[in-house]
Amino acid sequence: MSAQIRFLGGAGTVTGSKYLVEAHGKKILIDCGLFQGLKKLRLKNWDEFAINPETIDCIILTHAHIDHSGYIPRLIKSGFRGKVYSTEATRDVCKILLPDCGYLLEEEAVYLNRVQRTKHKPALPLFTSEDAEEALESFVNVPFHKTHAISSQISFEFRYAGHILGASSVVLTVDHKKIFFTGDVGRINDEIFHPPDVIPNMDYLVTESTYGNRLHSSEDVATELSHVVNETYGRGGVLVIPAFAVGRAQSIMYYLTQLRRQNRIPSMPMFLNSPMATDFSSIFKKHTKLHKLTLKDCAEIDSHFRYVRSADESRALNERTGPMIIISASGMLTGGRVLHHLKAFAPHPENTILLSGYQSAGTRGESLQNGAREVKIHGEYIPVRAQVRNLDNISAHADYGELIQWFQHSKVKPKKVFITHGEASAADEFRRRLAEKFGWDCSVPEQDEIFKLE
Ligand SMILES: [Zn+2]
């Protein structure tokens, strides 16, 4: 085999995942994510693409999260004409996430033009929701565990990764040599998703390292959640749960439903204020083989929640008093309806803001997690007097202990390991742990770095 891999994103950061494999005259992009979070990262989305997008043959997409899929519409605008291979569920989730992402980018451009805080006149969105709708037409469904040939020497297969609905790892085979891309990896014992598939034999391993230097708390999520709900209820407060609309919101609803059934939390109004999360619930019901919930479980969840659709209903929630629970997006408080709830409820000490899961550097979620007592929303500083809590254990990512356990259980013996999709310190600590534990040859690639795969 003569091939090379180039790390065009997800190197030293958790966002912008893009790994370009070149072999036998083909150029294959594994994931095509948007850089998110810190401004210096977001600006990279505007850089000219490292190679001419017209020369890329196809994209193999591990899952729908924007940091893996969100650059696809832009790549197409820049001339990419190939297919985007994904599982059917990933495509279904992308149908919600990509147009929404385009819409948010359009809104941001409108805002920048209005406040005239732009070097470019007028500021333009990276892509529009219409571009995103068009991009979806390039998608081709490839089922899990089916080998799909790209050429006579190159093929790939999706393996179940348990991270979000439709999420996969990718086995890319070039001349009988295998490169395994973990994609984002879910938990071994998750309430909703099955554990990730055992990894087949492979030669090269490209692994994520989001939690490369951290372990999740051992506390049971339901117990942790019940404490926060009961404390807030006791103060008559409002519990605001910023949650990623696709996946996280459903997990939290599932846990709250369980707690109600077991009478571990009192009855109170519970709202899901995210039209996107509401749409996602129907996709979740369509793909019951990909998760552990039955249709009956889904119906029980529906019976406990009020789904807020219109902007008027959303605003009306801010006039209500507690106790009540509001789940709303976005999960890291980077945008969405939850910001209005934060404005309304963060200044009052009886309320609680419950963060759920990973908070990227540079987001409001991260500053709250680090104890910020004010946050800037729509140009205004909002004091934070509410309790801020963190539901750490609900992560959709395996921690380093679980990743090591997965590798060990799968008896993998890679010739070479590339550690990606982690902040620099997490990736480096994971490199050290893997080298110590298995004696593997591990590298933490830098942005744009190229490695030969012989
Ligand atoms: Zn992900």
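The values are calculated or read from the model by the stated rules, or taken from the named source; none is laboratory data. The structure displayed is predicted, hence computed values, not measured ones. Cβ: placed from backbone, ideal geometry, glycine included. Neighbour counts: every protein chain shown. Accessible surface is based on the protein model in full, side chains and every heavy atom, while ligands, DNA and RNA are left aside. Shrake-Rupley method; radii C 1.70, N 1.55, O 1.52, S 1.80 Å.
Pairs of alpha-carbon atoms within less than 8 angstrom and 6+ residues apart define the contacts here; what relative contact order does the chain have, in percent? Kindly include the intermediate steps, with their values, before the conclusion.
On the way: 998 pairs, mean separation 86.9, N = 454.
In percent, rounded to a whole number, it is 19.
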At the level of C-alpha centres, the distance separating region 246-289 and region 358-431, in angstrom, is 23
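Given a 1.4 Å probe, how much area per residue of region 221-394 is accessible, in Å²? Don't skip to the end; give the middle numbers.
Working: 7010 Å² over 174 residues.
Dividing the accessible area of region 221-394 by its residue count gives 40 Å².
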Residues in region 249-280, backbone N under 18 Å from the label point at residue 307 (7 Å along the Cα-to-beta-carbon vector): list them, ranges by number please.
-> 249-257, 270-280
For region 206-360, give the percent of accessible area contributed by carbon and sulfur heavy atoms, probe 1.4 Å, rounded to a whole number.
-> 52
Taking a straight Cα-to-Cα line shorter than 15 Å from residue 177, and setting aside same-chain aspartates and glutamates fewer than 8 residues away, one finds 22, 157, 203, 454
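By average Cβ neighbour count within 10 Å, what is the ranking of 431-437, 46-52 from highest down?
Numbers: 431-437: 16.0, 46-52: 11.6.
Ranking the peptides 431-437, 46-52 by packing returns 431-437, 46-52.
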Taking alpha-carbon centroids only, region 293-329 lies from region 19-58 a number of Å equal to 38
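Mind ordering 17-28, 339-350 by average Cβ neighbours within 10 Å, highest first?
On the way: 17-28: 21.0, 339-350: 18.7.
Per-residue Cβ counts within 10 Å, averaged per peptide and sorted highest first, yield 17-28, 339-350.
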Set of lysines near residue 39 by C-alpha distance (under 25 Å), chain-local residues within fewer than 8 positions excluded | 18, 77, 119, 121, 343, 376
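With +1 on the Cβ of every Lys and Arg and -1 on the Cβ of every Asp and Glu, and nothing else charged, how large is the dipole of region 221-394 about its Cα centre, in debye rounded to the nearest 20?
Working: 21 positive and 14 negative charges, 62 e Å.
Computed about the Cα centre, the dipole is about 300 debye.
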Have a look at the DSSP beta bridges in region 221-394 and tell me what percent are antiparallel, nearest 5.
-> 20
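Quick one: which of 44/415; 146/292; 27/178; 83/452 span more than 27 angstrom between C-alpha atoms? Can you show the working numbers first?
Numbers: 44/415 32 Å; 146/292 22 Å; 27/178 16 Å; 83/452 25 Å.
Table pairs above 27 Å Cα-Cα are 44/415.
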Over region 58-161, with neighbouring protein chains present, the accessible area per residue in Å² at probe 1.4 Å is 46
Contour minus end-to-end for residue 43 and residue 318, with contour as 0.36 nm per residue of separation and end-to-end as the Cα-Cα distance?
-> 95.6 nm
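So what is the 222 nm mean residue ellipticity for the chain from helices alone, if each DSSP H run of at least 4 adds -39500 (n - 2.57) and you divide by all residues, rounding to the nearest 500 deg cm²/dmol?
Numbers: 14 runs with 144 residues, N = 454.
Computed mean residue ellipticity for the chain: -9500 deg cm²/dmol.
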Quick one: grab the alpha carbon gyration tensor of region 221-394, order the square roots of its eigenvalues as a ≥ b ≥ c, and give me rounded if a/c is under 1.5, else prolate or oblate depending on whether a/b is larger than b/c.
-> prolate
Order these peptides, 141-153, 80-92, by their mean beta-carbon neighbour count within 10 angstrom, highest first.
-> 80-92, 141-153
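Residues with beta-carbon under 10 Å from that of residue 293, excluding residue 293: net charge, scoring Lys, Arg +1 and Asp, Glu -1? Intermediate values should be presented prior to the final figure.
Details: positive: 285, 292, 296; negative: 191, 297, 300.
For residues surrounding residue 293, the net value is 0.
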